[in-house]
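Input: a single structure, listed below in structure tokens.
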Amino acid sequence: MLRTPVDGTRLHILTWLKQPGLVESGATADAVAVRLGMPGPVARTHLGLLTALGLLHVDRSDGPPRYRRDEVRIAEVARMIEKGWQHGW
């Protein structure tokens, strides 16, 4: 599940969600779809995978779900990957 598609779509999503304003409020799946020029169902699939990995939080309290980065989890995954590379995994 950590594999990214060749075009780096999930990395683009994570990078975009780091922009000021989006860090606090997050973005809807429709906003992600528009931003990255993809159909809504494709955006929702990518967001679902990132959420399943724990890299995104979903706020469903008001209106459509809004996705925000989980900075703690992202840092943990980055450390795990770095550690694996150092050990030749």
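Results, tabulated for the structure shown:
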| read-out | value |
| --- | --- |
| Computed FRET value (nearest 0.05) for Glu24 with Glu82, which takes r as the C-beta separation and R₀ as 30 Å | 0.60 |
| Segment 26-40 - phi-based ³J(HN,Hα) in whole Hz, Karplus 6.51/-1.76/1.60, Gly and Pro as x | x, 9, 7, 4, 5, 5, 5, 4, 5, 4, 9, x, 9, x, x |
| Cα→Cβ-extended label distance, 7 Å offset, between Arg35 and Thr15, nm | 1.2 nm |
| Most mobile listed residue (Ala43, Ala27, Ala75) in the chain, GNM with C-alpha springs under 10 Å | Ala75 |
| Helical contribution to [θ] at 222 nm, DSSP H n ≥ 4, -39,500 (n - 2.57), averaged over the chain, rounded to 500 | -16000 deg cm²/dmol |
| Under 5 Å, built H, 5+ apart or other chain: amide partners of His57 | Arg68, Arg69, Asp70 |
| Other-chain or far-sequence residues with amide H under 5 Å of Thr28's (modelled H) | Tyr67 |
| Net charge dipole size for the chain [Lys, Arg +1 and Asp, Glu -1 on Cβ; Debye, nearest 20] | 160 debye |
| 0 to 90° range, to nearest 10: angle between helix 71-86 axis and the chain longest Cα axis | 30 degrees |
| Inter-centroid distance (Cα atoms) of segment 8-23 relative to segment 58-78, Å | 11 Å |
| Distance between modelled label sites at Ala75 and Ala52, nm, 7 Å Cα→Cβ extension | 2.7 nm |
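Since every read-out is calculated from the coordinates, none of them should be taken as a lab result. Worth saying up front: this structure is predicted, and the values here are computed from it rather than measured. Please note: Cβ atoms are built from the backbone with ideal geometry, for glycine as well, and neighbour counts cover all protein chains shown.
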